[in-house]
Amino acid sequence: QVQLVESGGGLVQPGGSLRLSCTASGTIFKTAATGWYRQAPGKSRELVALITSGGNEIYGNNVKGRFTVSKDNAQKTVVLQMNSLKPENTAVYYCNVAFLAINYWGKGTLVTVSS
């Protein structure tokens with residue numbers, strides 16, 4: 001069983017930065033794909049960024065160059081650094097760990113970008 005706990009959401013002005021962190025329990029973290037998804041009001045959940053089990057970074061639309069995902073296997077954490085935030089980045093951000101076709105999700109953390 002994997003449990004994910006996110007932190008770091010909040011209110012930020014356009015152009016600002018936020019750092020989201022997710023800490024995992026369990027033993028699969030090192031070999032799993034890990035990353036972040038988001039769901040804006042009235043929209044479906046979408047990929048933000050992830051690190052594959054092979055260590056490759058994949059970014060969703062319109063975040064590459066502004067967002068950076070990183071992983072610490074020893075601490076079992078995955079971090080999303082978000083810079084140059086825009087109002088359209090407002091959403092609930094979910095941590096995800098995927099292993100053997102099973103997805104584990106955190107409860108989500110709200111990011112609001114507004115002046």
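The values are calculated or read from the model by the stated rules, or taken from the named source; none is laboratory data. Remember, it's a predicted structure, so these values are computed and weren't measured experimentally. Cβ coordinates were reconstructed from backbone atoms using ideal geometry, including for glycine residues, and neighbour counts include every protein chain displayed. The accessibility values were calculated without ligands, DNA or RNA, using every heavy atom of the protein model including side chains. Shrake-Rupley method; radii C 1.70, N 1.55, O 1.52, S 1.80 Å.
Tabulated data for the structure shown
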read-out	value
DSSP beta bridge pairing in the chain, given as percent antiparallel to the nearest 5	90 percent
Additional length obtainable on full extension of the chain from THR68 to TRP105, 0.36 nm per residue less Cα span	11.4 nm
Which of TRP105, TRP36 is most accessible, then next, and so on - probe 1.4 Å	TRP105, TRP36
Area of ARG45 that stays accessible when all protein chains are in place (1.4 Å probe, Å², to 10)	90 Å²
Accessible surface, the chain, averaged per residue in Å² (probe 1.4 Å)	55 Å²
Paramagnetic reach from SER114 (point 7 Å along Cα→Cβ, amide N under 18 Å) across the stretch 78-97	85-93
Sequence ranges 69-78, 51-60, ranked by mean other-Cβ count within 10 angstrom, highest first	69-78, 51-60
Heavy-atom accessible surface of the chain: percent carbon and sulfur, 1.4 Å	48 percent
